[in-house]
Amino acid sequence: MTADSPMPTASPQPTVADRRLAELAVAGLETLGFEVAPHTDGGWRVQPVRPGVPSRLVGSPPRFNGQTSFAFISGSEPPAGVEPLSTTSPLWQWMLEQLAERRLPLSAAPVGDPQAVHEFSGPLLSQYQVDGGSVHLAGCRIEAFPFVRLLRFDESGNATEALVPAAGAVSEQSEFTAALITQLDLNHWEPAEPPRGVALAQMNAIHREASEARQGLTPDGEPISLEPTDGDDDPPLLVAEWCHRARGKFEFEIGDARLTVGFDDWARHLKPPPITCPVTGEPTYHLAITGDGRLIAAEQLAPCAVCRQRLPRTELSASSVSGQLICKNHLLHCPISGEPLLEAECVECPSTRLPVSPAAVRKGQSTLLEELEPVDAGETALARLRLDHALLEQYRHWRLARGADVDLYVGGKLTGQVLITVRRDTGELLAAAQKSKWSWSWKPVELG
């Protein structure tokens with residue numbers, strides 16, 4: 001090359017819009033039953049589907065300019081024998097007409113939308129923890145539902161877009177919102193094969209329903225009218241974006257105990273649903289089993305401090321002395337204060353000789369003696385005691401204090417006092433004690 005030789009000119013690079021238009025043309029021609037493959041200089045070679053390869057169409061593919069095999073290119077000057085592609089080119093207009101006449105939408109999917117159960121099952125199952133057991137998917141089904149994008153291009157290649165849900169995609173029109181568009185990432189899509197099992201008749205129905213829609217949403221989720229206008233001479237390009245919804249249940253097993261949790265949501269948005277604890281109703285992702293064979297949220301489970309049996313925390317009581325958790329079979333309640341505690345934590349009350357909580361004794365006597373109030377000698381329980389035990393007739397000026405389970409009666413006379421402890425629910429005499437007016441301590445006494 002000499003200094004005077006002209007510099008070679010590079011072929012103009014296709015723009016993003018050019019590439020998108022070519023992508024749509026490839027998808028549209030494939031939908032019409034052609035096989036499309038890369039051609040020289042960034043173009044595409046279009047030819048009939050090979051013999052023996054099923055076509056989406058019944059019968060032979062249509063012809064463009066009488067040909068079933070041709071080439072096209074977008075975004076640059078085509079060489080001889082290659083069709084140009086733009087939104088005003090004969091090839092584009094012909095493709096739109098063929099798709100509209102046959103009621104065929106293009107097929108697409110949001111980028112990254114799960115297509116099969118195994119794409120999301122592992123991450124979901126990993127969120128659960130089952131102590132001594134297992135969790136697995138049971139009866140999971142994934143089903144595709146289309147949202148249809150209607151595209152109208154002007155002469156400059158700019159597109160006006162609208163979205164409408166196809167039948168079954170949402171249960172009510174009000175559910176189709178900007179939030180759902182974002183959630184499903186509908187604006188980030190790519191051409192894709194239709195889901196397996198989608199018949200031609202279903203594609204026709206999707207096209208017809210979307211073409212007849214009169215209201216939709218813009219890609220930003222704003223309402224847009226789809227009423228025909230005088231300038232809408234060309235049919236829109238319809239793209240069915242297939243989004244997958246997953247329905248099924250998780251089954252949890254520990255030994256012979258089983259629990260199922262159902263789910264029903266868009267696959268790309270699916271999150272592991274919390275387990276509702278069968279015992280407490282609290283949500284959890286960690287399941288365990290009680291000592292008596294009940295499934296429970298592991299956070300709600302604890303061992304009894306005495307027998308070590310694992311039980312719901314709601315069925316255990318904290319000792320008022322040590323805070324240790326105790327099951328009902330090993331739990332005592334202080335008859336004076338009602339506080340729960342272990343037998344080993346009890347002390348003997350100097351006044352009543354009953355096993356009580358340490359907090360029920362102060363200054364060497366029952367704290368209940370600080371709460372005495374005058375009571376009539378004819379009070380039912382006291383009257384019966386006086387009738388059964390003649391010794392009590394010597395005492396006057398009776399006072400009463402009520403504890404959690406027992407009643408304390410104190411009577412007085414010139415030389416001293418008597419203290420009787422009675423079980424409230426049965427009236428049983430539990431203990432009796434006396435002290436002289438010169439003594440500070442109570443001594444047990446037999447009433448006879």
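Which value, to two decimals, describes the C-alpha radius of gyration of segment 147-278 once divided by 2.2 N^0.38 Å? Show your work: numbers first, answer last.
Values: Rg = 19.0 Å, N = 132, 2.2 N^0.38 = 14.1 Å.
In units of the globular-protein estimate, segment 147-278 measures up at 1.35.
Taking Cα atoms only, the orientation of helix 200-211 departs from the longest principal axis of the chain by about 90 degrees. Solvent-accessible area per residue in segment 97-136 equals 47 Å², computed with a 1.4 angstrom probe and all protein chains kept.
Pairs of Cα atoms in the chain fall into 10 Å distance bins, from 0 up to the last occupied one, in shares of 4, 15, 15, 12, 9, 8, 8, 7, 7, 6, 5, 3, 1, 0, 0 percent.
Using packing as a proxy for protection, rank 127-133, 338-344 so that the peptide with the highest average count of other Cβ atoms within 10 Å comes first.
Working: 127-133: 14.9, 338-344: 16.7.
Most protected by this proxy first, the peptides run 338-344, 127-133.
Evaluating 6.51 cos²θ - 1.76 cosθ + 1.60 at θ = phi - 60° for every residue in segment 270-278, the Karplus couplings come out as 5, 10, x, x, x, 7, 8, 4, x Hz, glycine and proline recorded as x. Compute the acute angle (0 to 90°) between the alpha-carbon long axis of helix 90-101 and the principal axis of greatest extent of the alpha-carbon atoms of the chain; round to the nearest 10°. Computed tilt is about 50 degrees. Amide H to amide H, with H built 1.01 Å from N, Val361 comes under 5 Å of Thr367, counting only residues 5 or more places away or on other chains. Over all Cα atoms in segment 288-360, the spread is summed up by Rg and Dmax: 14.0, 47 Å.
How high is the relative contact order of the chain? Use alpha-carbon pairs under 8 Å, at least six apart in sequence, and give a whole percent.
10 percent
Coupling constants for segment 305-310 follow from the phi torsions by the Karplus curve (6.51 cos²θ - 1.76 cosθ + 1.60, θ = phi - 60°), and in residue order they are 5, 9, 8, 6, 5, 7 Hz; glycine and proline get x. Loop-located trypsin sites (Lys or Arg not before Pro) in segment 161-257 (DSSP state other than H, G, I, E, B) with a sparse environment of at most 13 neighbouring Cβ atoms within 10 Å: Arg196, Arg214.
What share of Cα pairs, in percent, lie more than 18 angstrom apart in segment 346-444?
Working: 2004 of 4851 pairs.
Roughly 41 percent, rounded to a whole number.
Averaged over residues, the count of other Cβ atoms within 10 Å places the peptides 273-279, 30-36 in the sequence 30-36, 273-279, highest first. For segment 60-199, the convex hull drawn through the C-alpha positions has a volume of 189 cubic angstrom per residue.
Candidate cross-link partners of Lys363 among the aspartates and glutamates, defined by an alpha-carbon separation under 14 Å and a same-chain spacing of 8 or more, comprise Glu348. What is the helix-to-structure angle for 16-31, meaning the angle in degrees between its Cα long axis and the longest Cα principal axis of the chain, kept from 0 to 90 and rounded to the nearest 10? The answer is roughly 90 degrees.
Tell me, what does the Kirkwood hydrodynamic radius of segment 259-306 come to in angstroms if you use every pair of distinct C-alpha atoms? Show your work: numbers first, answer last.
On the way: mean 1/r = 0.0820 Å⁻¹.
Computed over Cα pairs of segment 259-306, the Kirkwood hydrodynamic radius comes out at 12.2 Å.
Restricting to the chain, compute how many DSSP beta bridges are antiparallel as a %, nearest 5. Can you show the working numbers first?
Numbers: 90 of 99 bridges.
Antiparallel bridges make up about 90 percent of those DSSP assigns within the chain.
Listed by chain and number, the lysines placed with their C-alpha closer than 21 angstrom to that of Lys413 are Lys435, Lys437, Lys443; residues fewer than eight positions away on the same chain are left out.
Backbone phi angles across segment 283-290, fed through the Karplus curve with coefficients 6.51, -1.76 and 1.60 (θ = phi - 60°), yield HN-Hα couplings of x, 7, 10, 10, 10, 9, 9, 7 Hz in residue order; Gly and Pro are listed as x.
Among the GluC sites (Glu not before Pro) within segment 175-256, those in coil by DSSP and having at most 13 neighbouring Cβ atoms inside 10 Å are Glu212.
The values are calculated or read from the model by the stated rules, or taken from the named source; none is laboratory data. Here the structure is a predicted model, which means the values were calculated and not measured. With ideal geometry, Cβ positions are generated from the backbone for all residues, glycine too; neighbour counts draw on all protein chains shown. Surface accessibility is based on the protein's heavy atoms, side chains included, excluding ligands, DNA and RNA. Shrake-Rupley method; radii C 1.70, N 1.55, O 1.52, S 1.80 Å.
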